[in-house]
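This report concerns only the one structure given below.
The values are calculated or read from the model by the stated rules, or taken from the named source; none is laboratory data. Quick caveat, the model's predicted, so the values are computed rather than measured. Using ideal geometry, Cβ is built from the backbone for each residue, glycine included, and neighbour counts are taken over all protein chains shown. The accessibility values were calculated without ligands, DNA or RNA, using every heavy atom of the protein model including side chains. Shrake-Rupley method; radii C 1.70, N 1.55, O 1.52, S 1.80 Å.
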Amino acid sequence: MQFDPALLKGLRGARHVAILTGAGISADSGIPTFRDKLTGLWEQYDPSELATPAAFKHDGALVWGWYEWRRMMVLRAQPNAAHRAIATLSELVPQLALVTQNVDDLHERAGSPGVLHLHGELARPYCEACRNVYRLPEGIPDLPVGGKRIPPPQCVSCGGRVRPGVVWFGEGLPELTWHAAVTVSSVCDVFIIVGTSALVQPAASLVHKAAAAGALTIQVNPNTTGLEDAVSVSLRGPAGQILPALVQQAWCSPAR
Ligand code: BJW
Ligand code: ZN
């Protein structure tokens with residue numbers, strides 16, 4: 001795989017890189033995406049029954065058990081070459097901001113510092129009454145595909161119901177994290193959007209903010225997303241192949 005020399009030159013000159021990742025970056029680690037045909041979670045599970053505040057109110061055990069199954073999958077998975085390429089890049093550029101929609105911790109486990117999680121984290125459930133973070137038991141749960149009904153635990157401080165630490169449809173994003181993501185997107189020279197369908201707002205608006213501020217915008221995805229006209233360059237292929245090659249050619253090879 002050989003990239004356009006003009007693209008490599010643009011990348012090499014960047015002082016501030018911002019990256020937005022989505023479920024596709026963890027696909028090569030065996031974590032299912034949401035909307036891919038056949039393999040996406042929403043092909044098999046109804047988001048309105050599992051990923052909304054109303055669903056948790058209606059059937060907390062169903063929702064908690066499903067998220068425990070998802071957490072189990074993440075605990076068993078390993079970061080892939082794309083997560084590692086981003087962690088490497090953070091040591092090669094003056095400033096790198098990593099924003100993710102993912103609720104897994106594969107970026108952190110690959111070595112990326114300061115990850116901005118727009119949609120929360122599976123590993124940080126919290127009390128719906130007092131918002132204290134709940135300490136999950138050590139170890140990897142052993143659950144069947146899709147999970148099973150498990151009553152949500154109780155908060156040790158107030159006895160309230162503990163909920164998954166993720167952002168559901170209709171909920172606001174964590175405010176400080178969102179503001180930080182907007183800032184880095186507005187000041188970067190290069191914005192790379194990886195493995196997201198860019199269908200979910202407001203996360204998908206970040207690439208438009210970066211483009212409006214004059215950044216070079218690059219999409220990495222094996223499929224089309226509808227962003228093709230909005231970004232400077234679309235690189236078609238799996239993140240685990242494209243990102244290591246891009247980092248290698250732009251930042252680890254002598255300039256030509
Ligand atoms: C690969 C690959 C490989 C495959 N390599 N790539 C404006 C207009 C319309 C609607 C709204 C709007 N503003 C807000 C809304 C409502 C809603 C929304 O956006 N709905 C749209 C679906 C229409 N947004 C919200 O509700 C948000 N909150 C909000 O806006 O608050 C203000 C508000 C308050 C009250 C009312 C209204 C607004 C919150 C959104 C929370 C999203 N939550 C989820 C679930 C999190 C918990 C969990 O994990 O269960 O977050 S939904 C799900 O989608 C998850 C993801 O983070 C998110 C994005 O998905 P992503 O990452 O893009 O995955 P996919 O599967 O869609 O795409 C994968 C991509 O990877 C594909 O393109 C593949 O091709 C690619 N790929 N293999 C590279 N190897
Ligand atoms: Zn509590």
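Results, tabulated for the structure shown:
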| item | result |
| --- | --- |
| For the stretch 1-122, size of Cβ-based charge dipole, Lys and Arg +1, Asp and Glu -1, in debye | 420 |
| Apportionment of accessible area to carbon and sulfur, the stretch 1-146, percent (1.4 Å) | 51 |
| Too-long pairs where the Cα-Cα distance tops 26 Å, listed order kept, from K37/K57; K37/K148; K57/K148 | K37/K57 |
| Dipole of the stretch 2-64, positive direction: furthest Cα of G60, Q44, G22, with charges on the beta-carbon | G22 |
| DSSP-defined antiparallel bridges as percent of all bridges, the chain, nearest 5 | 20 |
| Gain in span if fully extended, R131 to R236, counting 0.36 nm per residue against the direct Cα distance | 33.7 nm |
| Distance from the stretch 106-173 to the stretch 211-241 (C-alpha centre basis), Å | 31 |
| Distance (nanometres) between label positions extended 7 Å along Cα→Cβ at D142 and T39 | 2.7 |
| Diffusion constant of the stretch 16-161 at 10 °C, which comes from Stokes-Einstein with the Kirkwood Cα-pair radius and 1.306 mPa s, µm²/s | 96 |
| Cα→Cβ-extended label distance, 7 Å offset, between L75 and V156, nm | 1.7 |
| Principal axis box of the stretch 106-256, alpha-carbon based, largest edge first, Å | 61, 31, 28 |
| 1.4 Å probe accessible area per residue over the stretch 133-256, in Å² | 51 |
| Lys, Arg +1 and Asp, Glu -1 on Cβ, resulting dipole of the chain about Cα centre, debye, nearest 20 | 280 |
| Paired Rg and Dmax values of the chain, which use every Cα atom, in angstrom | 18.8, 63 |
